[in-house]
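Structure record follows, encoded as structure tokens.
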Amino acid sequence: MAPSRRFHANDRDYAQPGDLIEIFRPAYQHWALYLGDGYIINVTPVGEAAPGTIDSSKSVFTKKARVRMQLLKDVVGDDTYRINNKYDSSYAPLPVEDIIQRAQYYIDREVSYDVLGSNCEHFVTMLRYGKGVSDQARNAIGATAVATVAVAAFSLLGVALSRSREKHN
């Protein structure tokens, strides 16, 4: 399935067991792994009140997540999703039986969570490829580095301008 096609919660189910599911939330993407028969596995912050939703502000600060098996349509809700096995060209997917077996092991368990180093995308790519990767985290780290450099540059510029004014006064 081409990764550019988006689906709604009640659309026909095109996903195959082991597929990565990218769910488009208003401010970020949530990732899940398709198990079959309409079910996915995903991570949610520990203590999450509504199991079908993710509060992005809560996920930034949590250090633990619960692995849940849920209906795809319940997790998607009013948002859209797409099948996105985007790392298949870089990493060989494990056999589907192994992916599902690995996923089932984690259901209802708590796992470590870190929005930059061990997030929902890391979790599902670890299940599919045996290696946790996340472009979303990599991009956030890159943006943070750029912002840090920009702040430092403006600070140095401010100091230089201040010293220049002091010399002229």
Label-point separation, residue 69 to residue 97 (7 Å along Cα→Cβ), nm: 1.8
Relative contact order as a percentage, the stretch 7-133, C-alpha pairs under 8 Å and 6+ apart, gives 31
Separation of alpha-carbon centers, the stretch 64-106 and the stretch 1-45, rounded to whole Å: 7
What FRET efficiency comes out for residue 167 versus residue 135 if R0 is 45 angstrom and r is the Cβ-Cβ distance? Round to the nearest 0.05. 0.40
Per-residue Cβ neighbour rank within 10 angstrom, fewest leading, 118, 134: 118, 134
Could you work out how much longer the chain between residue 10 and residue 25 gets when fully extended? Use 0.36 nm per residue separation minus the Cα distance between them, nm to one decimal. 3.7 nm
Sorted on mean Cβ neighbours within 10 Å (highest first), peptides 123-133, 74-84 come out as 123-133, 74-84
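Since every read-out is calculated from the coordinates, none of them should be taken as a lab result. The shown structure was predicted, so the numbers you read here are calculated from the model rather than taken from an experiment. Neighbour counts are summed over all protein chains in view; Cβ atoms, including those assigned to glycine, are modelled from backbone coordinates with ideal geometry.
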